[in-house]
Amino acid sequence: GKELREDNKDYQQVLLDVRRSLRRFPPGMPDDQREGLQEDLIDIILHVLKRNPQLHYYQGYHDIVVTFLLVVGDRLATALVEKLSTHHLRDFMEPTMDNTKHILNYLMPIIDQVNPEVHDFMQSAEVGTIFALSWLITWFGHVLSDFRHVVRLYDFFLASHPLMPIYFAAVIVLHRKQEVLECECDMASVHHLLSQIPQDLPYESLISKAGDIFVQFPPSELAKEAAQAAEAERTAASTFKDFELASVQQRPDTVLRQRFRERFRGEERLRGEERTKSILTKPRTNRFVKLAVMGLTVALGAAALAVVKSALEWAPKFELQIFP
């Protein structure tokens, strides 16, 4: 309702995401019925977030909520989604994506346990795990076009461990091992292949396989490998923010001011000890030369500051487009 939407920090983003969710509704549904369901979808999301301020909305959350709305209606969907958000989905609803990335780090260890050849190929291609992000945080609701397959997977995930979606993601990759190994061994090619999920997968056999692998290699046995993968992810891209912060602290004007203060304090001590002698004996030309050098240094420092500041402001802030 209106009260729920007023002054809600997430309302605009939720509205945009829901407006883009047309394909998540059954084909041929009358516009007025679909629009009514979209309004219900907005209210369910905002209601859960308001009642649980520790939860943070993320793009893709609406793909999960709409599945429950279409199956059980708005009232029951609200209760189910709230319970799910504080349990299975809680890691995705943290202030940062750290927990989500940690879950993604289980993908490669699972693949390595089942098929080391596929694992080594993907490592050589440096494809990473980002191709599976939308699979994970939407429980495949965003990438599967057949609603029957979506609800079948939801049944499976609801009855399983919260990490089961990442096991199912690994099973999909392993199911396509021949395609993967025949692909060009570079990041762009492998990422493109894996991000295009087939719509005719043998879901029942994959579900059974995911359950078997989970029993054979439970998360507790893979935790060490997942932690090592997280440590290896500190690349140049991930440390750009650290570099930017360090650059702010090392700008030329900051350095010049620090050096000027140190020089000023040293000269004050010198004048206090030998004020008369130092003033009378210093050649006048030497003072002018120092003043000229100081002025040139400050001017160059100001110019350098302008260049560094412009560079930092210009530096592109890349935002990964997960959802088309």
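For the reader, a short list of remarks on this structure follows.
- Test item: Cα-centred dipole of segment 97-234, Lys/Arg +1 and Asp/Glu -1 on Cβ, debye: 420 debye
- The listed residues 186, 155, 32, once ranked by accessible area (1.4 Å probe) with the largest placed first, stand as 32, 155, 186.
- Of the solvent-accessible surface of segment 97-234, computed with a 1.4 Å probe and all protein chains present, 51% belongs to carbon and sulfur.
- Percent RCO, i.e. relative contact order, over segment 97-234, from Cα pairs under 8 Å lying at least 6 residues apart: 38 percent
- With both labels modelled 7 Å from their Cα along Cα-to-Cβ, the residue 39 to residue 161 distance reads 4.4 nm.
- Of the trypsin sites (Lys or Arg not before Pro) found in segment 3-56, those that fall in a DSSP loop while having at most 12 other beta-carbon atoms within 10 Å are 9.
- The heavy atoms of residue 76 offer some 90 square angstrom of accessible surface to a 1.4 angstrom probe.
- The residues of segment 49-189 expose, per residue, 43 Å² of accessible area to a 1.4 Å probe.
- Fraction of accessible area attributable to carbon and sulfur, segment 2-92 (%, probe 1.4 Å): 51 percent
- Compared with the alpha-carbon gap, the fully stretched path from residue 22 to residue 208 is longer by 63.8 nm at 0.36 nm per residue.
- Between residue 5 and residue 120, the modelled label-to-label distance comes to 5.7 nm, taking each label 7 Å out from Cα in the direction of the beta carbon.
- Among the GluC sites (Glu not before Pro) in segment 158-210, those placed in a DSSP loop whose Cβ has at most 13 other Cβ atoms within 10 Å are 184.
The values are calculated or read from the model by the stated rules, or taken from the named source; none is laboratory data. Predicted model, so just to flag it, every value in this text is computed and none were measured. Positions of Cβ are backbone-derived with ideal geometry, glycine not excepted, and every protein chain shown enters the neighbour counts. Just the protein is used for accessible areas: all its heavy atoms, side chains included, with ligands, DNA and RNA removed. Shrake-Rupley method; radii C 1.70, N 1.55, O 1.52, S 1.80 Å.
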